[in-house]
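Coordinate-derived values only; no laboratory data. Small disclaimer: the values here were computed from a predicted structure and weren't measured. Backbone-built Cβ (ideal geometry, glycine too); neighbour counts: all protein chains shown.
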Amino acid sequence: MKQRKTDATLGVILAALSMMAFGAPARADDRADIRALEERFVAALKAKDLAAIMKVYAPDQTLVVFDVIPPRQYVGAAAYRKDWQTFLDSFEGPITVELTDLDVAADRNLAYSHSIQRVAGTDKQGKKLDLTVRVTDVYKKARGRWLIIHEHVSVPVDLDTGKPDLSSKP
């Protein structure tokens, strides 16, 4: 009888420990932290501040990005930094940035979001650019900070014409 009680107590303790280690829910503010990260990203993009833009991404080779322009993928922060630099350098003057329809899900140390992002401005040749994209991000929490470890940027494509829909209205 005493052995059964000890076994039962041990079982309850092990179950509680495993739930604490593996089943702990995300903090209530994880979604708010990620929304704040996205707000910092928008502010950095409007300011054309490359260093601040890159602060939302994993700073190493773990970052993988599928952008709308070639190459097929960017592996590592250094590669994606070059892409951002080229993008920012293509604009003359200020750029407009809007982030809408942001939906965030978080669980402990991993999270994801999807949103619609619009960037508009004038290129170096004086041509007006207005681009609306769909963005899905995967985040990992490290040392209490959320960082983007994977980003997928896309636009709808008309399969009959092969042309992208760069204004992407609902």
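Laid out as a table, the results:
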| read-out | value |
| --- | --- |
| Within the stretch 25-164: Cβ-based charge dipole about Cα centre, in debye rounded to nearest 20 (Lys, Arg +1; Asp, Glu -1) | 400 debye |
| Residues 152, 114 arranged by fewest to most Cβ contacts within 10 Å | 114, 152 |
| Span per principal axis, largest first, for the Cα atoms of the stretch 25-164 (Å) | 49, 36, 27 |
| Footprinting exposure proxy for 69, 148 (fewest neighbouring C-beta atoms within 10 Å first) | 69, 148 |
| Relative contact order (%) - the stretch 25-164, alpha-carbon pairs under 8 angstrom, separation at least six | 22 percent |
| Neighbourhood charge, 11 Å Cβ-Cβ cut-off, centred on residue 49 and excluding it, Lys, Arg +1 and Asp, Glu -1 | +4 |
| Residue order, fewest to most beta carbons within 10 Å, for 103, 123, 33 | 103, 123, 33 |
| Listed residue (47, 59, 120) projecting farthest to the positive dipole end of the stretch 25-164, Cβ model | 59 |
| Gyration tensor (alpha-carbon) shape descriptor, the stretch 79-131, a/c threshold 1.5 | oblate |
| The stretch 33-75, Cα convex hull volume normalised per residue, Å³ | 89 Å³ |
